[in-house]
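Student: Once you've had a glance at the structure underneath, I'll fire off some questions.
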Amino acid sequence: MKAHLTNILFFVTFTHFTTLAQNETNKWCTGGFGIDFMQNPPVTFSGVAQFSNQSIPSSVSDANGNLLFYTNGTVIFNQAHTIMANGSGILGNTGLLTSNVLILKKPNSSSLYYVFTLNEFASSTFNGGGFRYSIVDMSLAAGMGSVTTKNVLIWDPPISPFLTGLNITGTQHCNGNDYWIVTHEQGNAVFRSYLLSAAGLNTTAITSTVGDVMGSAARQIKISPTGKKIALCLNWGIYAPSSINVHDFDNSTGAVSSNSMALFVPTISPTGCEFSPDGTKLYGSVSPNGAASTSTSMGIYQWDLCAGNAQAVNASSVFLSQGTIATSLSIAGYYHHQLASNGKIYICLNGDSCMAVVNNPNTNGAACNFVRNGYPKGLKINNFITYNLRSYSPCTYTAQCQQVQFTPPTGSQSLACAALNNPLVSTYWDFGDPASGANNISYAYLG
């Protein structure tokens, strides 16, 4: 066989690996200004509608990165930053330190978008609570969009004085077309997953009772970009100690697995979390809690989800930065996390006019390049799903005479680790030597 080492081509096939557009998440809108990730580095832009709320907004752009609309959970604003036709009176909640609104495009539609909102109170108690959706049709109002369906009730939470801190997240179905929208009940350990397809929203939930009971609050819920892991920040409460619960998520069925681990200690309250683009790392922010209000352990942590069992993952934690306390009652400086299309994770800083940034979140420890004042302006992130932001590193190889040594992707033994749950299923090697006939192609897996 001839040695055309410089012309070697190789293809590595992963299960459920598809390429999705990223530009839909490239404009973040918060009260009074926005952040444009179409530019590198990202830049702020003005003109965004003024709205004051503690919860995290959501926005959506088209495939070219042009802003379409955004919402704070109670009002939907168009790209001209005015209230969209029929866009007021959305029954979300702006008073929670949570991500309780999410926008997703209806599969196979060119113009319809679902806006999901989750109010902390049951609708049977406060006329207008619960988990709901509204629909925006961008083909109306000369392309500015109109709300055609408003506040359809999906799920009415039970009456409880502790219904605070409700969050929404989602991921793409493994079929590459549909979506799962996921939330969690309070006062118990129940996840609720809903399927959005070309037929619309299936309002019958896939329920999974796993992990710790959600107490009085949960600051953030996130699904990994691989669609295989889900993390829930369980803030301190009357039901259970604080922790970040990490479970397997099945993006073919919407089920949350009992295969789980709990991160953190009882005296500390997690305020936010996010997965790295390759799904191998989890980042979490920690606030003081009661007697621990002066704790030096509050701040930003990283865990290696491929370290092994739950004990090994907990032992892998790296403390990246300590938070600050303005008063004895204030929450730590770090808050909600969000992976952006540039591969970086942005973290809200409470009380600061900037955001912290994890510049290289796939890498271990200090090499992730965490910068507290990493972005000069921004008190709010936006809530997006991150399935279209996942990343894998390419294979590399070294050639010596007739021998070629291939190195799999960075962290790659992680291809089959518990964090990704996304094993290498086949390889296809083309040695660029068609004259060698059958010897030009190999399907051997040398892992």
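The values are calculated or read from the model by the stated rules, or taken from the named source; none is laboratory data. Quick caveat, the model's predicted, so the values are computed rather than measured. Please note: Cβ atoms are built from the backbone with ideal geometry, for glycine as well, and neighbour counts cover all protein chains shown. Ligands, DNA and RNA are stripped out before the accessible areas are found, and what is left, the full protein with its side chains, is counted by its heavy atoms. Shrake-Rupley method; radii C 1.70, N 1.55, O 1.52, S 1.80 Å.
Student: What's the number of the only condition in (1) in a strand (DSSP E or B); (2) of a type in the set (A, V, I, L, M); (3) modelled with pLDDT under 80 that Ala332 fails to meet?
Tutor: (1)
Student: Could you check Val371 against (1) assigned to a loop (DSSP other than H, G, I, E, B); (2) open to solvent by 10 Å² or more (accessible area, probe 1.4 Å); (3) within 22 Å of Ser316 (Cα to Cα) and say which number it fails?
Tutor: If we test Val371 against (1) assigned to a loop (DSSP other than H, G, I, E, B); (2) open to solvent by 10 Å² or more (accessible area, probe 1.4 Å); (3) within 22 Å of Ser316 (Cα to Cα), just (1) comes out false.
Student: Can you tell me which of (1) more than 26 Å from Thr117 (Cα to Cα); (2) open to solvent by less than 50 Å² (accessible area, probe 1.4 Å); (3) at pLDDT 80 or above is the one Asp352 doesn't meet?
Tutor: The failed condition is (3).
Student: Only one of Thr226, Thr183 is at pLDDT 85 or above, assigned to a loop (DSSP other than H, G, I, E, B) and open to solvent by less than 20 Å² (accessible area, probe 1.4 Å); which?
Tutor: Thr226
Student: Filter the range 55-81 down to the residues that are farther than 14 Å from Thr30 by Cα and either without any contact (Cβ under 8 Å) to a residue 24 or more places away in the chain or part of a loop (DSSP other than H, G, I, E, B) (or both), then identify the one that is most open to solvent (accessible area, probe 1.4 Å).
Tutor: My answer is Asn64.
Student: So in the range 267-278, with the set limited to residues that are open to solvent by less than 10 Å² (accessible area, probe 1.4 Å) and either hydroxyl-bearing (Ser, Thr, Tyr) or modelled with pLDDT of 90 or more (or both), which one is farthest from the chain's Cα centre (by Cα)?
Tutor: Ser269
Student: Quick check on the range 76-96. Is at least one of its residues under 28 Å from Asn359 (Cα atoms) and either among the β-branched types (Val, Ile, Thr) or at pLDDT 95 or above (or both)?
Tutor: no
Student: Write out, first by first residue and then by second, each pair whose Cβ atoms fall under 6 Å of each other, whose residues are 6+ apart or on separate chains, and whose first residue, in the range 192-211, is over 15 Å from Trp155 (Cα atoms) while the second is small (Gly, Ala, Ser) and surrounded by fewer than 15 Cβ atoms within 10 Å (Cβ to Cβ).
Tutor: Listed pairs, sorted by first residue: Val210/Ser258.
Student: Moving on. With respect to Leu118, determine if the residue is in contact with a strand residue (DSSP E or B) (Cβ under 8 Å, 6 or more places away or on another chain) and either surrounded by 20 or more Cβ atoms within 10 Å (Cβ to Cβ) or modelled with pLDDT under 90 (or both).
Tutor: Answer is yes for this residue.
Student: Shifting gears a bit: Quick one: how many residues across the range 130-145 are open to solvent by less than 10 Å² (accessible area, probe 1.4 Å) and of a type in the set (Gly, Ala, Ser)? Break it down into steps so the answer makes sense when it comes.
Tutor: Of all residues in the range 130-145, those open to solvent by less than 10 Å² (accessible area, probe 1.4 Å) come to 130-131, 134, 136, 145.
Adding the requirement that they be of a type in the set (Gly, Ala, Ser) leaves 130, 134, 145.
Within the range 130-145, residues that are open to solvent by less than 10 Å² (accessible area, probe 1.4 Å) and of a type in the set (Gly, Ala, Ser) number 3.
Student: Counting only residues that are β-branched (Val, Ile, Thr) and touching a Leu at 6+ places or on another chain (Cβ under 8 Å), how many does the range 300-322 have?
Tutor: Final tally of qualifying residues: 2.
Student: Can you tell which of Asn259, Asn202 is modelled with pLDDT of 95 or more and either among the aliphatic types (A, V, I, L, M) or open to solvent by 50 Å² or more (accessible area, probe 1.4 Å) (or both)?
Tutor: Selected residue: Asn202, the only one of Asn259, Asn202 that is modelled with pLDDT of 95 or more and either among the aliphatic types (A, V, I, L, M) or open to solvent by 50 Å² or more (accessible area, probe 1.4 Å) (or both).
Student: Can I ask one more? Looking at the range 7-47, which of its residues are modelled with pLDDT under 75, surrounded by fewer than 14 Cβ atoms within 10 Å (Cβ to Cβ) and not in a loop (DSSP other than H, G, I, E, B)?
Tutor: Residues satisfying the conditions are Asn7, Leu9, Phe11, Thr13.
Student: Regarding Tyr375, is this residue at pLDDT 80 or above and hydroxyl-bearing (Ser, Thr, Tyr)?
Tutor: yes
Student: On to the next question. Would the range 130-137 turn up any residue that is more than 24 Å from the chain's Cα centre (by Cα) and modelled with pLDDT of 90 or more?
Tutor: Scanning the range 130-137, I find at least one residue that is more than 24 Å from the chain's Cα centre (by Cα) and modelled with pLDDT of 90 or more, so the answer is yes.
Student: Here's another thing I want to ask about it. If I ask for residues that are more than 21 Å from Thr271 (Cα to Cα), open to solvent by less than 50 Å² (accessible area, probe 1.4 Å), part of a loop (DSSP other than H, G, I, E, B) and not charged (D, E, K, R), which ones from the range 82-110 would you list?
Tutor: Residues satisfying the conditions are Met84, Gly87, Gly89, Ile90, Pro107, Ser109.
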